[in-house]
Amino acid sequence: MPGVLLRMSDVSKSFGATRALGGVSLEARGGEVLALIGENGAGKSTLMKILSGAIAPDGGQMELAGLPYAPSGPQAARRAGVAMIYQELNLAPHLSAVENVMLGEELSNFGVVRIGAQRQRVRQALELLGRHDLPIDIPVGDLSVADQQVVEIVRALAIEAKVIVFDEPTSSLTQHDVECLFRVIEKLKRSGIAIIYISHFLEEVRRIADRYTVLRDGSAAGSGELAGVSESQIIALMVGRSVDELFPSVAHTPGEVILSLDALTGPVAPRDVSFELRRGEILGVAGLVGAGRTELLRCLLALDPVRSGTVRVAGTIPRATPRARIRAGLGLVSEDRKGEGLAQRESIADNVTYSRLGPYSRLGWLNLRRRRTAVQHWMNQLSVKARSPEQQVEHLSGGNQQKVALARVLHQDADVLLLDEPTRGIDVGTKAEIYRLMAALAAEGKAIIFVSSYFSELLSVCDRVAVMARGRVREIRPADQWTSSSILSCALGVEPAL
Amino acid sequence: MASNNLQPALPLAQRGGDLLRNVLGPFLALVFVVGVFTIADNLQTDGGRFATLKNAQNVLVQSATVAVAALGMTMIIISAGIDLSAGTTMALCATVLAWFLRENYSPAVSVAAALGTGCLAGFCNGTLISRLRVVPFIVTLGTMTIYLGLAKIIGNNTMVRPFPAQVPEWMRELLSPRVQHEWMLFAPGVWLVLLLAIIVSAVLRYTVFGRHVFAIGSNESTARLCGINVWVTRIAVYTIAGFFVGVAGLFQFSRLTVGDPTSGTGKELPIIAAVVIGGGSLSGGRGSILGTLTGALIMQVISSGCTALRQPNPIQEIIIGSIIIAAVTVDQIRQRRQTA
């Protein structure tokens with residue numbers, strides 16, 4: 001059994017009144033890959049920030065290779081041998097691979113950089129990873145994302161890292177690059193380094209990792225050997241309830257057609273998209289990043305220009321402006337709450353009512369008290385936790401912000417709800433509430449288009465699921481005729497590889 | 001419904017917090033500045049000229065021009081815009097007014113022409129920004145020079161000077177430091193600024209339009225997502241701001257009784273400074289009319305106080321410059337603490 005290289009025991013951290021971590025313990029062993037699994041907001045990133053020295057824990061101990069470990073900052077953590085490889089790579093794009101790897105650790109004689117020795121060191125590391133083909137003298141900005149990631153890994157090796165943390169490393173890689181990355185990780189394992197691998201792709205985790213630790217709501221929900229654990233057991237650990245509890249079943253039956261698209265085409269995506277949506281129906285839209293799912297919704301609301309094709313809402317064709325589309329009964333919840341979804345500095349009341357101030361205005365003047373009462377009603381309906389409707393949105397948690405965004409489309413009484421990743425970055429409890437709300441809305445006769453990257457929620461919540469790739473809808477089927485892997489292979493445009 | 005009866009207690013406290021943050025900060029700064037100069041003035045052997053009604057009348061009259069233009073600038077800055085042409089537009093309006101008076105048009109027509117010119121200039125700014133999708137800074141940097149050129153054409157490259165008989169009495173008295181009637185306390189122009197300020201303040205808070213202005217400045221994408229007609233709103237904001245610049249032009253003419261095409265150059269800066277000292281954020285979504293008025297007053301109080309203390313002009317300028325930086329720094333620290 002390999003020795004424990006990193007031990008975190010009872011680590012806790014609070015931000016103000018919010019407890020991000022409440023006593024988490026984990027062990028990473030040399031020559032093994034530990035998968036750190038958890039929903040967004042479970043505390044993964046906080047835990048890794050503590051490990052990398054970016055923030056200090058409130059309590060608990062850490063041990064690295066048998067010695068107490070309490071880094072004073074990211075630089076100290078690197079010196080001690082903990083390297084992080086983030087989703088967004090931290091390379092200087094104009095410098096070469098060698099310069100990037102040795103940045104801040106340059107080998108020199110009296111201030112003169114020993115170029116030869118540095119190249120030697122980088123070459124050795126690449127050899128170890130089986131990537132001696134990687135050009136080391138051209139600016140790394142000219143390399144592919146996958147090769148840049150390798151440069152990051154070499155940088156970790158150059159500081160003789162004992163522990164390397166990969167944070168969602170495959171999110172921007174192609175299938176082929178993922179295979180290469182996995183081979184590199186295998187090599188790292190063999191050299192005795194402890195690897196912590198963060199991902200929410202369970203299939204991927206099962207391939208690469210030896211053991212797992214699941215985080216939920218800031219505590220370790222479980223850990224152990226991956227062999228012999230089923231996927232649904234891990235999901236149950238992640239969400240803290242059985243899958244049936246998470247996805248409520250509210251009966252809803254499709255009614256008449258409310259929205260129909262005919263060859264809708266936008267600037268880049270969507271391309272030539274046609275389908276019909278009925279009242280009381282939830283249509284899921286799956287696809288990889290860049291497949292054109294968000295663009296489809298934006299085109300429907302005319303936020304992006306419509307190149308050709310028609311959108312018919314309840315039989316009429318509204319003009320291609322957001323205002324006209326909203327009047328016609330469409331409502332969009334943006335995937336980007338900060339940048340687009342909500343005016344962060346304005347109050348809940350403002351954010352809920354921007355799209356429909358009519359009921360509270362006479363000749364342009366607002367009756368703020370009437371509006372307050374109405375907003376309070378929606379806040380109660382969705383159980384938004386806030387002091388008052390006057391509170392600024394930016395001080396709310398992600399889940400509560402999402403509820404405010406949902407309250408807006410409910411307040412404007414949209415018939416067709418366009419929800420773009422509505423469950424991203426929010427806690428499990430709120431997710432369950434949102435699923436229940438969607439089902440209830442469908443039962444009331446609303447139609448919903450639900451864009452999501454989580455296949456499991458699409459399959460459990462939707463009546464039909466459309467899979468998009470390169471701006472086109474490749475296929476629409478009833479949800480029970482899809483599986484996670486058939487969605488994935490359809491989205492990739494290939495037959496299943498594994 | 002029982003819970004609704006309990007609710008108002010909290011929001012009131014919350015609203016009090018907003019008030020404290022947005023208005024009381026600049027207001028305390030004003031009180032502080034007045035206090036410092038009063039004490040310093042009284043320590044002088046021949047002091048006692050600063051904290052007098054006469055000086056207060058003077059300060060208000062002198063700050064009225066900047067203050068009225070800053071009302072519109074506040075709306076522009078809340079909508080995440082900027083208007084660098086405010087100074088030259090003001091001079092353009094004053095020149096137009098002088099030209100109409102000199103050509104023997106009635107005062108009413110002349111004033112209407114001046115205000116109309118301001119609105120038109122603002123409308124052009126707003127339209128160019130919305131339709132060309134060029135940032136406000138650049139568009140108004142361009143129109144700043146264009147309006148200066150137009151004013152010079154109207155003035156035939158020199159000042160437009162109507163005969164004294166052509167300038168009605170009320171226009172002269174508009175911003176006269178000496179009040180005609182004791183009961184008025186301050187010049188009529190000062191009261192006009194106050195009236196307009198109350199109106200703009202109410203419009204920003206209690207109208208659909210006002211909410212839309214904040215929405216656009218706070219997050220334009222959200223505004224679009226909610227179906228707010230961003231470009232119509234933006235053109236309206238600049239047009240209304242142009243109206244206030246027109247009033248500022250009227251004020252300027254009333255003080256100089258000539259239309260000087262070049263008199264507005266550089267005047268946009270104190271106007272913008274008033275908004276910023278008053279808590280307006282150049283990234284949009286924040287600003288208040290009360291803050292802006294306070295900001296305009298702070299600058300004038302400093303300059304009047306320095307005069308009372310016989311400090312030369314350069315000292316005033318250094319102090320005002322420092323106040324601008326300090327105001328924004330304090331505001332940012334306060335905001336950071338809030339978000340943390």
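Cβ-to-Cβ counts within 10 Å put A:Thr18, B:Thr294 in ascending order as A:Thr18, B:Thr294, the fewest first. Taking 16 Å as the cut-off, the amide N atoms of region A:256-278 that come nearer than this to a point 7 Å along the Cα-to-beta-carbon line of A:Ser308 belong to A:262-274. Projecting the Cα positions of A:Ala161, A:Thr174, A:Tyr197 onto the charge dipole of region A:150-199 (unit charges on Cβ atoms of Lys, Arg, Asp and Glu, taken about the Cα centre) puts A:Ala161 furthest along the positive direction. Computed over the Cα atoms of region B:67-199, pair by distinct pair, the Kirkwood hydrodynamic radius stands at 16.3 angstrom. Taking a quarter of the surface of the Cα convex hull of chain B gives a mean projected area of 20.9 nm².
State, as an integer percentage, the relative contact order of chain A based on alpha-carbon contacts under 8 Å between residues 6 or more apart. Each step should come with its number before you reach the end.
On the way: 960 pairs, mean separation 75.3, N = 498.
Once normalised by length, the contact order is 15 percent.
On the principal axes of its alpha carbon atoms, region A:72-133 extends 32, 31, 24 Å, with the longest extent given first.
How large is the dipole of the protein assembly as shown about the Cα centre if only Lys and Arg carry +1 and Asp and Glu carry -1, each at its Cβ, rounded to the nearest 20 debye? Kindly include the intermediate steps, with their values, before the conclusion.
Numbers: 79 positive and 69 negative charges, 385 e Å.
With only Lys, Arg, Asp and Glu charged at Cβ, the dipole is about 1860 debye.
For a paramagnetic label modelled on A:Leu492 (point 7 Å from Cα along Cα→Cβ), amide N atoms under 13 Å away belong, within region A:172-197, to A:173-180. For a straight C-alpha distance cut-off of 12 angstrom, no aspartates and glutamates are reachable from A:Lys385 once same-chain residues fewer than eight places away are disregarded. Normalising by residue count, region A:336-405 has a Cα convex hull of 82 Å³ per residue. Note on region A:404-467 and region A:84-112: Cα centroid distance 45 Å, given to the nearest whole angstrom.
A simple count of charges around A:Arg327, restricted to other residues whose Cβ falls under 13 Å of its Cβ and scoring Lys, Arg +1 and Asp, Glu -1, yields +2. Residues of region B:294-322 with an amide N closer than 12 Å to a point placed 7 Å from the Cα of B:Gln44 along the Cα-to-Cβ direction: B:304-312.
Taken one residue at a time, the phi angles of region A:95-101 give Karplus couplings (6.51, -1.76, 1.60, θ = phi - 60°) of 8, 6, 4, 4, 4, 5, 4 Hz. Gly and Pro are set to x. Its residue count N fixes a reference of 2.2 N^0.38 Å for the protein assembly as shown, and the Cα radius of gyration divided by that reference is 1.14. Positive end of the dipole of region A:242-288 (Cβ unit charges, origin at the Cα centre): among A:Thr253, A:Gly266, A:Leu277, the Cα lying farthest that way belongs to A:Gly266. Rounded to the nearest 5, the antiparallel percentage of DSSP beta bridges internal to chain A is 55%. Rounded to two decimals, the Cα radius of gyration of chain A over 2.2 N^0.38 Å is 1.08. Once you place label points 7 Å from the Cα toward the Cβ at B:Val36 and A:Asp413, how far apart are they in nm? With each label placed 7 Å out from Cα toward Cβ, I get 5.7 nm. The modelled label-to-label distance between B:Asn156 and A:Arg470, using points 7 Å beyond Cα along the C-beta direction, is 7.2 nm.
Among residues other than A:Glu106 with Cβ under 14 Å from its Cβ, the summed charge is +2 (Lys and Arg +1, Asp and Glu -1). The GluC sites (Glu not before Pro) of region A:194-271 that DSSP puts in a loop, and whose beta carbon has at most 16 other beta carbons within 10 Å, are A:Glu256.
Using 0.36 nm per residue, how much length does the chain from A:Asp10 to A:Gln233 gain when fully extended, once their Cα-Cα distance is taken away?
Once the chain is fully extended between A:Asp10 and A:Gln233, it gains 77.9 nm.
For the protein assembly as shown, the mean residue ellipticity at 222 nm estimated from helices alone is -15500 deg cm²/dmol, where every DSSP H run of n ≥ 4 contributes -39500 (n - 2.57) and the total is divided by all residues, rounded to the nearest 500.
Global size of region B:23-85: 15.8, 49 Å for Rg and Dmax (C-alpha atoms, Rg to one decimal, Dmax whole). The antiparallel fraction among DSSP beta bridges confined to the protein assembly as shown stands at about 55%.
Work out how much length A:Arg207 to A:Arg123 would gain on full extension: take 0.36 nm times their residue separation and subtract the Cα-Cα distance, in nm to one decimal. Display every interim value, and only then the final one.
On the way: separation 84, 0.36 × 84 = 30.24 nm, distance 2.85 nm.
Length gained, A:Arg207 through A:Arg123: 27.4 nm.
In a simple Cβ point-charge model (Lys, Arg +1; Asp, Glu -1; nothing else charged), chain B has a dipole of about 580 debye relative to its Cα centre. Restriction of the chymotrypsin sites (Phe, Trp or Tyr not before Pro) in region A:69-133 to DSSP coil positions whose beta-carbon has at most 10 other beta-carbons within 10 angstrom yields A:Phe110. In region B:143-277, Rg over Rh equals 1.05, where Rg is the alpha-carbon radius of gyration and Rh the Kirkwood radius from pairwise Cα distances.
So if we plug the beta-carbon distance of A:Glu276 and A:Arg369 into 1/(1 + (r/R0)^6) with R0 = 35 Å, what FRET efficiency do we get, rounded to 0.05? Can you show the working numbers first?
Values: r = 43 Å, r/R0 = 1.22.
Once the sixth-power term is evaluated, E becomes 0.25.
When the GluC sites (Glu not before Pro) in region A:99-131 are filtered for DSSP coil states and for at most 16 other beta-carbon atoms within 10 Å of their beta-carbon, the remaining sites are A:Glu105, A:Glu106.
Selection among B:Val111, B:Ile228, B:Gly259 by position relative to the dipole of chain B gives B:Ile228 as farthest towards the positive end (Cβ unit charges, Cα centre). For B:Lys267, a cut-off of 19 angstrom between C-alpha atoms picks up these aspartates and glutamates, skipping any fewer than 8 places away in its own chain: B:Asp83, B:Glu317. In plain terms, the residue of B:Leu28, B:Leu60 with the fewest other Cβ atoms within 10 Å comes first and the most crowded comes last, giving B:Leu28, B:Leu60. Calculated on the alpha-carbon coordinates, the convex hull of region B:267-314 measures out at 71 cubic angstrom per residue. Charged side chains reduced to their Cβ positions (Lys and Arg at +1, Asp and Glu at -1) give region A:238-313 a dipole of some 160 debye around its Cα centre.
The alpha carbon convex hull volume per residue for region B:193-340 rounds to 140 Å³. Counted by Cβ distance under 10 Å from A:Val140, the other residues give a net charge of -4, where Lys and Arg count +1 and Asp and Glu count -1.
Each reported figure results from applying straightforward, stated rules to the coordinates on display, with no laboratory input. Just so you know, these numbers come straight off a predicted model, no measurement behind them. Every residue, glycine among them, receives a Cβ derived from its backbone with ideal geometry; neighbour counts consider all protein chains shown.
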